[in-house]
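Chemist: Submitted below is the structure of interest, expressed as structure tokens.
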């Protein structure tokens, strides 16, 4: 059984009424760190995703059935090589503001000279760049860079680096930093992406979280695209690592249900009030100049 799980992926297809599609997308994004395919259907919208973790897939199906009892849900196993081919059918370049574009290796020729092109090899567990919070973070980083709030001689921390997208983006702008993730497999994936993007001298990667850092180490920029719960829990550990006058960028936060709570938590540490950048249901909180 274990060998079967390693050679196949768990495929889930949700078909849901259009008026429930956004809510369903929020639900899925809270359960998986990578993107999914959405296509119109006669019943509304079909959402297709693939997971390496079959147990997690079954749990998601059960929760989806509970939250959306009227939806049609199908699940099956699919060979990994079939998934890889399927990705090529719907993996399109992601434009992130005026500064960054995310592309898979087979579309890297579509990159433009006017943007920083980030090449990401799709991996099941660690993100493809299609999640809206990733684009929102990169767009925000690009805006700060264009207004001279970020500089090439600065240092950064990418907390929860995943596939390394945000750290790679900062590295392409000339900043130097560290990407941390608690999942060793994520770091393996990120190292491959760092090499493909030729930023090996700009982004160092390590297994760990914020509490694995020496308390005396601080950074000009900290970016964390995680989830609201961990961001709130780690506030007291994150803030001491920001240089006075540095920047803090937090995302993975739902605008209506979570943004206020995250902002209020960090404001209690007297670092000022964040600017809020919104994309659909998601918010990015930015302290351009931390006042600690």
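Chemist: Identify all residues within the range 151-173 that are modelled with pLDDT of 95 or more and crowded, with 24+ Cβ neighbours inside 10 Å; write none if there are none.
Modeler: Residues satisfying the conditions are 156, 157, 158, 159, 166, 167, 168, 169, 170, 171.
Chemist: Please state which one of 222, 232, 238, 249 is without any contact (Cβ under 8 Å) to a residue 40 or more places away in the chain, under 24 Å from residue 139 (Cβ atoms), surrounded by 14 or more Cβ atoms within 10 Å (Cβ to Cβ) and touching a helix residue (DSSP H, G or I) at 6+ places or on another chain (Cβ under 7 Å).
Modeler: It is 232.
Chemist: Also: State whether one or more residues within the range 193-200 are within 24 Å of residue 51 (Cβ to Cβ) and either within 15 Å of the chain's Cα centre (by Cα) or free of Cβ contacts under 8 Å to residues at least 24 places away in the same chain (or both).
Modeler: There is at least one residue in the range 193-200 that is within 24 Å of residue 51 (Cβ to Cβ) and either within 15 Å of the chain's Cα centre (by Cα) or free of Cβ contacts under 8 Å to residues at least 24 places away in the same chain (or both).
Chemist: Return a yes/no flag: does the range 14-30 have any residue that is under 25 Å from residue 94 (Cβ atoms), in contact with a strand residue (DSSP E or B) (Cβ under 6 Å, 6 or more places away or on another chain), at pLDDT below 85 and not in a helix (DSSP H, G or I).
Modeler: Within the range 14-30, not a single residue is under 25 Å from residue 94 (Cβ atoms), in contact with a strand residue (DSSP E or B) (Cβ under 6 Å, 6 or more places away or on another chain), at pLDDT below 85 and not in a helix (DSSP H, G or I).
Yes or no, residue by residue, for (1) touching a residue at least 40 places away in the same chain (Cβ under 8 Å); (2) not in a strand (DSSP E or B):
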position: 106; (1), (2): no, yes
position: 113; (1), (2): no, yes
position: 157; (1), (2): yes, no
position: 161; (1), (2): yes, yes
position: 177; (1), (2): yes, no
position: 190; (1), (2): yes, yes
position: 206; (1), (2): no, no
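Chemist: Right, here's the next one. Could you list all residues from the range 267-289 that are surrounded by fewer than 16 Cβ atoms within 10 Å (Cβ to Cβ), assigned to a loop (DSSP other than H, G, I, E, B) and under 16 Å from the mean Cα position of the chain (by Cα)?
Modeler: 280
Chemist: Now for a separate question. With respect to the numbered conditions (1) modelled with pLDDT under 80; (2) in contact with a strand residue (DSSP E or B) (Cβ under 7 Å, 6 or more places away or on another chain), which one is the sole condition not fulfilled by residue 87?
Modeler: (2)
Chemist: Please work out which residue is modelled with the highest pLDDT, limiting yourself to the range 192-204 and to residues that are touching a helix residue (DSSP H, G or I) at 6+ places or on another chain (Cβ under 8 Å) and part of a helix (DSSP H, G or I).
Modeler: Taking the candidates together, the pick is 194.
The values are calculated or read from the model by the stated rules, or taken from the named source; none is laboratory data. Bear in mind that the values here come from a model prediction, so they are computed numbers and not experimental data. Glycine gets a Cβ as well: all are built from the backbone with ideal geometry, and neighbour counts include every protein chain shown.
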